[in-house]
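First up is the structure itself, then whatever we jot down about it.
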Number of protein chains: 2
Amino acid sequence: VTNHNLSSLLTAVREGNARAVGRAISLIENAAPELPTLMRELAPTTGRAMVLGLTGPPGVGKSTTIAALVGAIRKQGQRVGVLAVDPSSPFSGGALLGDRVRMQQHALDNEVLIRSMATRGHLGGLSVAAPAALRVYDAAGCDLVIIETVGVGQAEVEIAGVADCTVMLMAPGAGDGIQAAKAGILEIGDIFVVNKSDREGAHAVVRQLREMIALGQRMDGDWKPPVLSLVATAGEGVSELLAMIGAFRNQAERSGRWQQRRLDRARREVQSLLLENLRQQVSVAQSVEMERLAIAVRDGKLDVHSAVKQLLTDSGAAAPLLKDGVALVKSGSDEVQRT
Amino acid sequence: VTNHNLSSLLTAVREGNARAVGRAISLIENAAPELPTLMRELAPTTGRAMVLGLTGPPGVGKSTTIAALVGAIRKQGQRVGVLAVDPSSPFSGGALLGDRVRMQQHALDNEVLIRSMATRGHLGGLSVAAPAALRVYDAAGCDLVIIETVGVGQAEVEIAGVADCTVMLMAPGAGDGIQAAKAGILEIGDIFVVNKSDREGAHAVVRQLREMIALGQRMDGDWKPPVLSLVATAGEGVSELLAMIGAFRNQAERSGRWQQRRLDRARREVQSLLLENLRQQVSVAQSVEMERLAIAVRDGKLDVHSAVKQLLTDSGAAAPLLKDGVALVKSGSDEVQRT
């Protein structure tokens, strides 16, 4: 990408051109060298889009729900983006392909931007790549961006970290999802939705969720996560869900939680990318010192903790620099340290 | 844990006491303060156990296969450990519970140590916790340690990073596993096993795998990953699998790959824990500088890349220290840098 090309890419992204958005996200996926410039140029035109996280176990109807949401939002005349994040499993490739097929109905709508993103092997994974991709959608004039992950690991926790509002989707009979999931999801969801609510057992799932939420006693402001019913395939309950998302936003903006979450997100982003920079340097480490320590660890002559301690606090001159330097961002320090 | 208790824990671990091994692994899971001491004391008595990684998509019969392998190894009079790693999904809790039930037949055998380990939220995840747990088994006198993960993400790649030999399990009809998996697994498996090979379609799976391996042309020495057939429930093919694992070991030791892999593993461990130390300090960062940058990023006044650049190369005195310090382990440097 030449400077000229980058400049026309930026223009096209700002105009909401779907192909340009796709290309920009490819640059993110590939951690292309022009990425910092791209993100620097896009930054001033971001901050407007609402980011909606949508997650849940496989088979609950996430893509059908998103298709229904997109349809309803388009009727309001808003521009919408969908980012499907592949949680980097070689065994889950099929699901996203299916998603794309189900989203076909919106494929010819210029106001709907759809992209899936692989995070496998990406520097920093979801926590670095997804926020960047969301900014691209934002700069492209989307009013709402929906980010979707399959709930198979860290992904559903990380999605809550990048979203303004997280919708947790459930369905009756989806592999004892609720039982198994109770450990993690209650803290994540801002709105719970039981899809396929025309099926047997749906009412019980709603009741169980309400009980768990009541027991959970979340402590963020006075928002009590509601549990809604949905039949995404028939479009039943979609406008209620949209209204609830709006209600969440209003309440969060009034309470200040909205800006607080966005600050937390920005801080995590800076930390993730800083860490990623450190990680890259550490993982390509080939110094004699590192090699000597690795051999000692392999041969049982040294344990890993002692090896790291030697790297960090060795009496040599270089090592303490690392320690002092990191103190730059150390907890509790009131000022940037100047040694 | 007092010093006295730690010392009796160490003694009990070295004697192969199952409860002590379990307690030591709990200390690892909780990143307990006494962990560095524990690992330092255990280091000299490690390096003997062979680590066998076993992975594959859900439903291929991993736990049945492990139970059969454990039975066969016990007949040879060896001590064996099993570490089941939960890839931290709130939705996968059921699988490991099932594993434990299927392993019941070995529950009363003192020479079989079984433990599952959660890595969710663990500092550094699998890459830091699993090698430590494997060392505990090693110090407890296990001849072989089997580490199992469900193939649902990074886990099956990371398992190959900690194992001396990785067995990739497949089965006919397991959700198009092979098709979907071909991207990643070929580089990971040292031995491929098609379980449930009495079922229809098993022969086709074996043939497909052999073709893919032939096309894949792995470049590590002259080991061509074999494809074995297994009926784990009936014990058919188990002794062939054990013999193949032995053959792999012999060949790897002759070619030097065995020691090379263990060195790579030790290096990764040191790097992971070093990075983890850095990460902890970065993630608790509360400095005024970090907060100022996060606010600027949130408000679209600064992009994340520029924020990190400011942290790393700010003209102040502290920031360059971080950069120089990290250069300690920078690629290509022939010596530890002394500024």
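Points to keep in mind about this one:
- Unique match (being more than 8 Å from chain B (Cβ to nearest Cβ), surrounded by 15 or more Cβ atoms within 10 Å (Cβ to Cβ) and at pLDDT 90 or above) among A:LEU263, A:LEU293, A:LEU241, A:LEU302: A:LEU241
- Top-ranked residue in the range B:4-19 [being polar (S, T, N, Q) and not in a loop (DSSP other than H, G, I, E, B); ranked as farthest from B:LEU134 (Cα to Cα)]: B:ASN5
- Only residues that are within 30 Å of A:LEU242 (Cα to Cα) and not small (Gly, Ala, Ser) were counted in the range A:1-22, giving 6.
- The strands (runs of 3 or more DSSP E) found wholly in the range A:36-129 and carrying at least 1 residues that are away from chain B (no Cβ under 11 Å) and modelled with pLDDT of 90 or more occupy A:50-55, A:80-86.
- Of all residues in the range B:167-213 being modelled with pLDDT of 85 or more and within 14 Å of another protein chain (Cβ to nearest Cβ), the one that is farthest from the chain's Cα centre (by Cα): B:ALA171
- Flag for B:GLY56 being buried (at least 22 other Cβ atoms within 10 Å of the Cβ) and more than 24 Å from A:ALA296 (Cβ to Cβ): yes
- Here B:ALA247 clears all of (1) in a loop (DSSP other than H, G, I, E, B); (2) at pLDDT 90 or above; (3) loosely packed, with under 15 Cβ neighbours inside 10 Å except the condition numbered (1).
- Residues (in contact with a Lys or Arg (Cβ under 7 Å, 6 or more places away or on another chain) and at pLDDT below 90) located in the range B:132-157: B:GLU148
- Count of the range B:1-36 residues which are farther than 15 Å from B:TYR137 by Cβ and touching a Gly at 6+ places or on another chain (Cβ under 6 Å): 0
- Residues satisfying the stated conditions in the range A:20-35, i.e. of a type in the set (A, V, I, L, M, F, W, C) and not in a helix (DSSP H, G or I): A:ALA31, A:ALA32
- Long-range neighbours under 7 Å by Cβ, at least six apart or interchain, first residue more than 7 Å from chain B (Cβ to nearest Cβ) and modelled with pLDDT of 70 or more within the range A:267-285, second part of a helix (DSSP H, G or I) and buried (at least 18 other Cβ atoms within 10 Å of the Cβ): A:ARG268/A:SER127; A:ARG268/A:GLY161; A:SER272/A:SER127; A:SER272/A:VAL128; A:GLU276/A:VAL128
The values are calculated or read from the model by the stated rules, or taken from the named source; none is laboratory data. In this text the structure is predicted, and so the values were computed from the model without any measurement. Here the Cβ is made from the backbone with ideal geometry for all residues, glycine too, and neighbour counts use every protein chain on show.
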